[in-house]
Amino acid sequence: DAGITQSPRHKVTETGTPVTLRCHQTENHRYMYWYRQDPGHGLRLIHYSYGVKDTDKGEVSDGYSVSRSKTEDFLLTLESATSSQTSVYFCAISEPGPEQSRNTIYFGEGSWLTVV
Amino acid sequence: GIQVEQSPPDLILQEGANSTLRCNFSDSVNNLQWFHQNPWGQLINLFYIPSGTKQNGRLSATTVATERYSLLYISSSQTTDSGVYFCAVDGNQGGKLIFGQGTELSVKP
């Protein structure tokens, strides 16, 4: 258990409304990630963070923003939700291994978002 | 970017059978991991294996980095092994794991 909590776990929202998903970790991991999972696409990286206030884009970042003001929290915001953003969102953390590299990744339990 | 292909896409086994799942990747990697997603959606890290061989109980994995593939072996399969198995790689682009499409395994009692 890597101590990752996602909230909310399930949400239904209307097109055009803002939505924020929260990822909270309790073990002071430096690296945090947001992925989305869709049928036929597997998991795709949205944004990631390598420290407080240090974030970067993943492969499907359009329409999403992130913030990390504290080590333990990584927020994903949909500024104006669209139906194409209906998905399952997974937060993940990684722990450095003996090679001092970012490796072994652990996932939260997922947040199911439906945009109607 | 790196392409990751997994095979087979689907696999149905009788309980007790063995299986081999394959992951091919298109470029050199410094990070390769296998994950299991259970029927409830939970993603579990099975192996961090950029090269070499590892074993954990009935599961083992081998990565031949020079030939750009990795294999996940499941022996004496159980119904609890059902779910989707993902391979993911990092091509040294700042820790961005690229996932394959997964192999969906169904183990019948």
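The values are calculated or read from the model by the stated rules, or taken from the named source; none is laboratory data. Because the structure is a prediction, the values reported are computed rather than measured. Cβ: placed from backbone, ideal geometry, glycine included. Neighbour counts: every protein chain shown.
When A:Gly42 is tested against the conditions (1) under 12 Å from the mean Cα position of the chain (by Cα); (2) within 11 Å of chain B (Cβ to nearest Cβ); (3) free of Cβ contacts under 8 Å to residues at least 60 places away in the same chain, the lone failure is (1). Evaluate region A:96-105: report whether one residue or more is in contact with a Cys (Cβ under 8 Å, 6 or more places away or on another chain), within 25 Å of B:Val89 (Cβ to Cβ) and within 11 Å of chain B (Cβ to nearest Cβ). No; the residues of region A:96-105 include none that is in contact with a Cys (Cβ under 8 Å, 6 or more places away or on another chain), within 25 Å of B:Val89 (Cβ to Cβ) and within 11 Å of chain B (Cβ to nearest Cβ). As a summary of the residue check, A:Gln25 satisfies the conditions (1) within 14 Å of another protein chain (Cβ to nearest Cβ); (2) touching a Gly at 6+ places or on another chain (Cβ under 6 Å) except for the one numbered (1).
Considering every residue within region A:97-116, establish whether at least one is among the polar types (S, T, N, Q), in contact with a strand residue (DSSP E or B) (Cβ under 6 Å, 6 or more places away or on another chain), surrounded by fewer than 15 Cβ atoms within 10 Å (Cβ to Cβ) and more than 24 Å from B:Gln42 (Cβ to Cβ). No, every residue in region A:97-116 fails to be among the polar types (S, T, N, Q), in contact with a strand residue (DSSP E or B) (Cβ under 6 Å, 6 or more places away or on another chain), surrounded by fewer than 15 Cβ atoms within 10 Å (Cβ to Cβ) and more than 24 Å from B:Gln42 (Cβ to Cβ). Please go through region A:62-78 and pick out each residue that is within 20 Å of A:Tyr31 (Cβ to Cβ) and either of a type in the set (Lys, Arg) or more than 11 Å from the chain's Cα centre (by Cα) (or both). Once the filter is applied, which keeps residues that are within 20 Å of A:Tyr31 (Cβ to Cβ) and either of a type in the set (Lys, Arg) or more than 11 Å from the chain's Cα centre (by Cα) (or both), region A:62-78 yields A:Arg68, A:Ser69, A:Lys70, A:Thr71, A:Glu72. Residues that are out of contact with any helix residue (DSSP H, G or I) (no Cβ under 8 Å at 6 or more places or on another chain) and surrounded by 20 or more Cβ atoms within 10 Å (Cβ to Cβ) were ranked within region B:63-80; the one that is nearest to B:Ile49 (Cα to Cα) is B:Thr63.
Check region A:79-88 and report whether any residue there is within 14 Å of another protein chain (Cβ to nearest Cβ), surrounded by 14 or more Cβ atoms within 10 Å (Cβ to Cβ) and over 11 Å from the mean Cα position of the chain (by Cα). Yes, region A:79-88 contains a residue that is within 14 Å of another protein chain (Cβ to nearest Cβ), surrounded by 14 or more Cβ atoms within 10 Å (Cβ to Cβ) and over 11 Å from the mean Cα position of the chain (by Cα). Of the residues examined, A:Gly51 is not one that is at the interface with chain B (Cβ under 8 Å from one of its Cβ atoms) and either modelled with pLDDT of 95 or more or exposed (fewer than 15 other Cβ atoms within 10 Å of the Cβ) (or both).
Checked against (1) more than 11 Å from chain B (Cβ to nearest Cβ); (2) out of contact with any Cys (no Cβ under 6 Å at 6 or more places or on another chain); (3) modelled with pLDDT of 90 or more, A:Glu109 passes all but a single condition, namely (1). For B:Gln33, only one of the following conditions fails: (1) out of contact with any Gly (no Cβ under 8 Å at 6 or more places or on another chain); (2) more than 30 Å from A:Arg9 (Cα to Cα); (3) not charged (D, E, K, R). What is its number? The failed condition is (2). Of the listed requirements (1) more than 18 Å from B:Val89 (Cβ to Cβ); (2) touching a strand residue (DSSP E or B) at 6+ places or on another chain (Cβ under 8 Å); (3) of a type in the set (S, T, N, Q), A:Gln37 misses just one: (1).
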